[in-house]
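Worksheet: the structure to be examined is printed underneath.
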Amino acid sequence: MSASSAAFRPAAAMLGLSIREVSQALRDGRVSATELCRKCIDQIQRTHYLNAFITITGETAMEQAQSADNRIRTGKPLGPLDGIPFSVKDNFCTENIETTCASNMLKGYVPPFSATVVQKLLDQGAVLVGKTNLDEFAMGAGSTDGVFGPVRNPWSYTTLYREQSTEDLDSDWAIAGGSSGGSAAAVASLSSFLALGSDTGGSTRNPGSLCGVVALKPTYGLLSRHGLIPLVNSMDVPGIMTRSVHDAATVLRILQGPDERDSTTVQAPSTPPSLPEHFDIRDICVGIPKEYHAPGLSTDTLAQWSRVAAMFEQAGARVQEVSLPHTQHSIVCYHVLCCCEVASNMARFDGLEYGHRSTVDSSTDAMYTTTRHEGFNNVVRRRILSGNYFLLKSNYERYFVKAQQMRRLIAEDFKNVFRSGIDVLLTPTTLSDAARYSDFIQEDNRTRSAQEDVFTQPVNMAGLPAVTVPTALSRRGLPISLQLIGQTLQDWKLLTVAHWMEQQVNFPLIHLHGDSNERKLDRSVRERTPTIGS
């Protein structure tokens, strides 16, 4: 059966609940962890054409779910995530489960340990249902450049999107964003209640935005990077994807804090048990960076940005324009630093210790060279070559040192804005809604990444927390999201504001073509959702 005709069959209403709601249902006995796990695995299999998953851990997941049931039955749950199914981007190490980074280089690699953030979830009783698809070694903005093929955006299979299309939906589908597109698609398609991604220049927030889920990039150092296969050590952050801000806060409280295996981690500030249900937005000052009115910003996205800014103002918050003058140089600076650290990090993949090894054995040099040519795709090889060029003795001062100096100026811009009394910044997350795959691949990876990361990567350069929240559907029926940026280690305050914003915009749960109650549900979406152009 084709993807478009199979579409999404009715999914149990339980899969659309928040973590808080389903956790209570588990404790009340309205559903068991094993039943919930089976529903998620069935949903993964029903939506296999999204290509969101690389590995499905069905047998292990059912064992974990059974253990959760035993604990809950005896009144001894480990916490709010006990029995909750989750998925993990396939660049996080998972003990005894293959970890590929969507690359030939790591096909067959089975780590002997789990990443700290993964282990923390497992220790809380969460149930790992699978490893999700991505761009190779997380280098991309569409989840289209991995060896397992591109990820499809679940919103491509809604009635609202289909009504806008005159072409075959098996070929006319939108990208999920990247590089954590599989994780975003898993949460959006109701296959997981939460997912881990990685965020180096926007790789959690970009797909979160395009797939209509909440995506949090915490303050650098708040979450451990141990076991996250590195892209750019100085910017990599584990990201959290959920269907609500409250759920993201729940996961953050569990994952945050120091780790002796990651020297960059910091002590988390004390936080209350949950986000406040009632919050006086009049105490907040929202900054609107004028430099984020970037070329290529769609009219739909601009309309949402203006609408939500007005929403803050009408509710009594102070809204004022601010300036981040060095933003215009950020994407070039990011590219230089990213390539430099990629060249360093990728040096470990030599075919000698683990991962792919070429059969060419005429010499060690020949084996090493052929291994890397066979193991890496063109995108990775180009970034390695660029990084090595920037790091040449003759180029070091001109490129790497200058980029580091510019990075400091970019970070200082944010500090100056926050010193002036701004609490959070409100910006677009992406230039537009999700591009059609056939249009997206017309540009090379470098160009696409520069376009898609323009609003997200400055935050990584400065180490700040940021969260993207879906706000409306575009004329094409695809999600549009906005980004909130906070001050260092004020992630909880950021999420509090984001929670308030989420409640005002009332973004709908996805209902996909083929659901039994499709007409009723689709009418509900139309009535509740601020759709551009309506």
Exercise for review: Quick one: count up the residues across the range 243-282 that are within 17 Å of the chain's Cα centre (by Cα) and outside any loop (DSSP other than H, G, I, E, B).
Suggested key: 9
Review point. So which pairs qualify, if the first residue must be in the range 456-478 and without any contact (Cβ under 8 Å) to a residue 60 or more places away in the chain, the second must be of a type outside the set (A, V, I, L, M) and open to solvent by 10 Å² or more (accessible area, probe 1.4 Å), the Cβ gap must be under 9 Å, and the two must be at least 6 apart or on different chains?
Key: A462/Y220; A462/R407; A462/E412; A462/D413; A462/K415; A462/T488
Review point. In this structure, is L128 touching a strand residue (DSSP E or B) at 6+ places or on another chain (Cβ under 7 Å), among the aliphatic types (A, V, I, L, M) and assigned to a loop (DSSP other than H, G, I, E, B)?
Key: no
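Going through the range 408-456 one residue at a time, which ones are of a type in the set (A, V, I, L, M) and either farther than 15 Å from R205 by Cβ or outside any loop (DSSP other than H, G, I, E, B) (or both)?
The initial filter retains those residues of the range 408-456 that are of a type in the set (A, V, I, L, M), namely 409-411, 417, 422, 424-426, 431, 434-435, 441, 450, 454.
Correct list: L409, I410, A411, V417, I422, V424, L425, L426, A435, I441, A450.
I'm checking my understanding of the structure. Among residues of the range 78-93 that are of a type outside the set (D, E) and out of contact with any Gly (no Cβ under 7 Å at 6 or more places or on another chain), which one is surrounded by the fewest Cβ atoms within 10 Å (Cβ to Cβ)?
First pass over the range 78-93, keeping only residues of a type outside the set (D, E): 78-81, 83-89, 91-93.
Subsequent filtering for residues that are out of contact with any Gly (no Cβ under 7 Å at 6 or more places or on another chain) retains 80, 84-86, 88, 91.
Values: P80: 24, I84: 28, P85: 30, F86: 28, V88: 31, N91: 31.
Per the criteria, the residue is P80.
Could you tell me how many of the residues in the range 94-112 are open to solvent by 10 Å² or more (accessible area, probe 1.4 Å) and under 23 Å from A68 (Cα atoms)?
Count: 3.
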Exercise for review: Could you check how many residues of the range 211-270 are open to solvent by 30 Å² or more (accessible area, probe 1.4 Å) and within 18 Å of A186 (Cα to Cα)?
Suggested key: 1
Exercise for review: With respect to D90, determine if the residue is in contact with a Cys (Cβ under 7 Å, 6 or more places away or on another chain) and more than 14 Å from L194 (Cβ to Cβ).
Suggested key: yes
Revision key, fill the gap. Residue hits (the range 408-419; in contact (Cβ under 8 Å) with a residue 60 or more places away in the chain and open to solvent by less than 40 Å² (accessible area, probe 1.4 Å)) are I410, D413, F414, V417, F418
Study note, to complete from the structure: Inside the range 478-510, the number of residues satisfying the requirement of being in contact with a Gly (Cβ under 9 Å, 6 or more places away or on another chain) and of a type in the set (S, T, Y) is 2
Review point. In the set L128, L134, which member is in contact with a Lys or Arg (Cβ under 6 Å, 6 or more places away or on another chain) and either farther than 13 Å from G177 by Cβ or at pLDDT 95 or above (or both)?
Key: L134
Revision key, fill the gap. T488 vs (1) part of a strand (DSSP E or B); (2) open to solvent by 10 Å² or more (accessible area, probe 1.4 Å): all pass except (1)
Check your understanding: Given (1) crowded, with 23+ Cβ neighbours inside 10 Å; (2) touching an Asp or Glu at 6+ places or on another chain (Cβ under 8 Å); (3) of a type in the set (D, E, K, R), where does R71 come up short, assuming only one miss?
Key -> (1)
Practice item. Answer yes if at least one residue in the range 152-167 is open to solvent by less than 10 Å² (accessible area, probe 1.4 Å), touching a strand residue (DSSP E or B) at 6+ places or on another chain (Cβ under 8 Å), of a type in the set (S, T, N, Q) and at negative phi, and no otherwise. Key: yes
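Within the range 113-136, can you find the residues that are closer than 16 Å to T55 by Cα and either of a type in the set (A, V, I, L, M, F, W, C) or open to solvent by 10 Å² or more (accessible area, probe 1.4 Å) (or both)? Break it down into steps so the answer makes sense when it comes.
Just the residues of the range 113-136 that are closer than 16 Å to T55 by Cα, to begin with: 114, 118, 127-136.
Answer for the range 113-136, where residues must be closer than 16 Å to T55 by Cα and either of a type in the set (A, V, I, L, M, F, W, C) or open to solvent by 10 Å² or more (accessible area, probe 1.4 Å) (or both): S114, V118, V127, L128, V129, L134.
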Practice item. Please identify the pairs in which a residue from the range 372-383 that is of a type in the set (G, A, S) has its Cβ atom under 6 Å from the Cβ atom of a residue that is open to solvent by less than 40 Å² (accessible area, probe 1.4 Å), counting only partners at least 6 apart or on another chain. Key: G375/M105
Exercise for review: Tell me which of these I240 doesn't satisfy, since it passes every other one: (1) assigned to a loop (DSSP other than H, G, I, E, B); (2) in contact with a Leu (Cβ under 6 Å, 6 or more places away or on another chain); (3) within 30 Å of Y109 (Cα to Cα).
Suggested key: (1)
Study note, to complete from the structure: Within the range 24-56, residues surrounded by 18 or more Cβ atoms within 10 Å (Cβ to Cβ) and within 15 Å of R73 (Cβ to Cβ) come out as L26, S32, A33, T34, L36
Practice item. Would you mind stating whether E260 is farther than 30 Å from T158 by Cα, of a type in the set (D, E, K, R) and at pLDDT below 95? Key: no
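Based on this model, can you work out whether D433 counts as touching a strand residue (DSSP E or B) at 6+ places or on another chain (Cβ under 6 Å), surrounded by 21 or more Cβ atoms within 10 Å (Cβ to Cβ) and under 30 Å from I175 (Cα atoms)? Before you say what the answer is, go through the steps one by one.
Numbers: touching a strand residue (DSSP E or B) at 6+ places or on another chain (Cβ under 6 Å): yes; surrounded by 21 or more Cβ atoms within 10 Å (Cβ to Cβ): yes; under 30 Å from I175 (Cα atoms): yes.
Spelling it out, D433 is indeed touching a strand residue (DSSP E or B) at 6+ places or on another chain (Cβ under 6 Å), surrounded by 21 or more Cβ atoms within 10 Å (Cβ to Cβ) and under 30 Å from I175 (Cα atoms).
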Check your understanding: Which one of these does S180 not meet: (1) without any contact (Cβ under 8 Å) to a residue 12 or more places away in the chain; (2) surrounded by 24 or more Cβ atoms within 10 Å (Cβ to Cβ)?
Key -> (1)
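The values are calculated or read from the model by the stated rules, or taken from the named source; none is laboratory data. In this text, all values refer to a predicted model and were calculated from it rather than measured experimentally. Note: ideal-geometry Cβ built from the backbone for every residue, glycine included; neighbour counts use all protein chains shown. These area figures cover heavy atoms from the full protein model, side chains too; ligands, DNA and RNA do not enter into them. Shrake-Rupley method; radii C 1.70, N 1.55, O 1.52, S 1.80 Å.
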